């Protein structure tokens, strides 16, 4: 199932279209609230747990009323705090909790109930927050924040041993700008966020992304076939997408079946990068990896990756234009990676841009840095080249400062540059963004600090060229490779200490897991 990522305006339009198609706002609210309750119940038995629901003035508060009702029916001791009064004559969800005899408290009682609660359901503010929280609501949220103290995120199974309640946010943590990721100083970080129909952009933009905890997407009946939904270009990469685009592995296959990946990388100063890229290409199933490295480092690399072949390029220390025609003659590659560990390789990259008959390309690292020095470089690349910059490399390719780049929306940057350059752009970072020239864009649903180590990018580049060599399309390769790379890191038991070579070795397990999810 395709999971769209919405702006607030896109979500409003989708809800309106769904209502017009017969899935009423009331029904969507009922489904949303039930989904929040089910997500909580899946994570812990709620019978006899003390749950406090913070009910805001709008539809988000209505979702909270519904969620509280279902939690009460499951045996929880549910109490509601209403920021504004609701009329049972006009609000049937409020009327239902009154009919059940569920308690509603005032602001005076809020602090004591916060201190006793096992679970806090945050339904104060929804996706429409665009300005700092002020007025009376600021006073309420300040009291909540003071009562909660400096809380450390916990786990559901630790209830009730935690000193503070676990927080489940309805759609988004109150105080999160769901378009920009900005986070109000009074916002309540959540342990669990249940969002509806699809995530919002702010769920994947820091600092707000760090306040969401576990993110669950609940289906509230909005059809993916509605024009207002199909028009949304941004999607979340998930295991379904990956399963559809992993290359086939026929039982009768041989190394020729699974393609040859040519990697032109390394220099006298940097010989680990080609080894890591080659290792990753093999780990995702490439039949043969040809590692073209300067003669000075060939023996050292070959000792560490004897499975590869090593075409004897004429360059000794750094790549020059002389190596390219030799590689074209001697290696029948299905895909080619250029860049990891290159040093002073401008003449080689210039020759590459002027060459004909190139296989599908992946350009990474120092290959990108050379491109940034050349005029009109993007007009010389073959179509569907995959560019894999980190933010610093992206800024250089765009000719702007890194500080200026960081002020921009990462999704919009990737989309704009994919169109301008006519290539697939993979902008690395927490929640990597992949965009292609037609506007289609995916966010990779992982942000893991363990990937912030030298060599991780080389493994990613090798993962991508290994898949590309097996005949996967360029855009699908970029998304699938980035997903597998990040999913492999999730298999590591910790947030520190993963070596890039170990990351490559986790790729087959990530592949198998993607098939099972």
In the stretch 200-218, residue surrounded by the most Cβ atoms within 10 Å (Cβ to Cβ) [restricted to those that are in a loop (DSSP other than H, G, I, E, B) and out of contact with any strand residue (DSSP E or B) (no Cβ under 6 Å at 6 or more places or on another chain)] | 205
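Please specify each residue of the stretch 400-415 satisfying the condition of being farther than 21 Å from residue 373 by Cβ and buried (at least 16 other Cβ atoms within 10 Å of the Cβ).
The answer is 410, 411, 414, 415.
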Could you count how many residues in the stretch 27-60 are more than 26 Å from residue 180 (Cβ to Cβ) and touching a helix residue (DSSP H, G or I) at 6+ places or on another chain (Cβ under 8 Å)?
-> 14
Go through (1) free of Cβ contacts under 8 Å to residues at least 40 places away in the same chain; (2) surrounded by 14 or more Cβ atoms within 10 Å (Cβ to Cβ) and name the single condition residue 25 misses.
-> (2)
Given the conditions (1) at pLDDT 95 or above; (2) in a loop (DSSP other than H, G, I, E, B); (3) over 18 Å from the mean Cα position of the chain (by Cα), report the number of the one that residue 179 does not fulfil.
-> (3)
Of the residues that make up the stretch 4-19, is at least one closer than 30 Å to residue 445 by Cβ, touching a helix residue (DSSP H, G or I) at 6+ places or on another chain (Cβ under 9 Å) and in a strand (DSSP E or B)?
-> yes
Which residue pairs have Cβ atoms under 6 Å apart, sit 6 or more places apart or on different chains, and have a first residue in the stretch 439-466 that is over 23 Å from residue 411 (Cα atoms) and a second that is assigned to a helix (DSSP H, G or I) and at pLDDT below 95?
-> none
Looking at residue 368, is it assigned by TED's automatic domain parsing to the domain that holds residue 465, touching a strand residue (DSSP E or B) at 6+ places or on another chain (Cβ under 6 Å), touching a residue at least 12 places away in the same chain (Cβ under 8 Å) and within 27 Å of residue 454 (Cα to Cα)?
-> no
Can you tell which of 55, 12, 46, 36 is without any contact (Cβ under 8 Å) to a residue 12 or more places away in the chain, assigned by TED's automatic domain parsing to the domain that holds residue 137 and under 34 Å from the mean Cα position of the chain (by Cα)?
-> 12
Out of (1) at pLDDT 95 or above; (2) more than 18 Å from residue 97 (Cα to Cα); (3) buried (at least 18 other Cβ atoms within 10 Å of the Cβ), the odd one out for residue 31 is which?
-> (2)
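Please count how many residues of the stretch 476-506 are outside any helix (DSSP H, G or I) and without any contact (Cβ under 8 Å) to a residue 12 or more places away in the chain. Walk me through how you get there before you give the answer.
Here is the first cut: in the stretch 476-506, the residues outside any helix (DSSP H, G or I) are 491-499, 506.
If we keep only those that are without any contact (Cβ under 8 Å) to a residue 12 or more places away in the chain too, we end up with 493.
So the answer is 1.
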Do any helices (runs of 4 or more DSSP H) lying entirely in the stretch 367-422 carry at least 3 residues that are out of contact with any helix residue (DSSP H, G or I) (no Cβ under 9 Å at 6 or more places or on another chain), and which ones are they?
-> 410-421
Yes/no for residue 226 being modelled with pLDDT of 95 or more and either out of contact with any helix residue (DSSP H, G or I) (no Cβ under 9 Å at 6 or more places or on another chain) or not assigned by TED's automatic domain parsing to the domain that holds residue 419 (or both) = yes
Which pairs have Cβ atoms under 8 Å, sit 6 or more apart or on different chains, and link a residue in the stretch 319-341 that is without any contact (Cβ under 8 Å) to a residue 24 or more places away in the chain to one that is surrounded by 23 or more Cβ atoms within 10 Å (Cβ to Cβ)?
-> none
Residue count, the stretch 289-318, condition more than 37 Å from the chain's Cα centre (by Cα), in contact (Cβ under 8 Å) with a residue 12 or more places away in the chain and either outside the structural domain of residue 349 (by TED's automatic domain parsing) or farther than 27 Å from residue 354 by Cα (or both), comes to 0
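Each row is one residue, and each column tells you yes or no for (1) within 27 Å of residue 202 (Cβ to Cβ); (2) buried (at least 19 other Cβ atoms within 10 Å of the Cβ).
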| residue | (1), (2) |
| --- | --- |
| 38 | yes, no |
| 46 | no, yes |
| 63 | yes, yes |
| 67 | yes, yes |
| 89 | no, no |
| 94 | no, yes |
| 131 | yes, no |
The condition of being outside any helix (DSSP H, G or I) and touching a helix residue (DSSP H, G or I) at 6+ places or on another chain (Cβ under 9 Å) holds, among 465, 425, only for 425
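The values are calculated or read from the model by the stated rules, or taken from the named source; none is laboratory data. Values in this document were obtained by computation on a predicted structure and should not be read as measured data. Neighbour counts run over all protein chains shown; Cβ positions are idealised from the backbone, glycine included.
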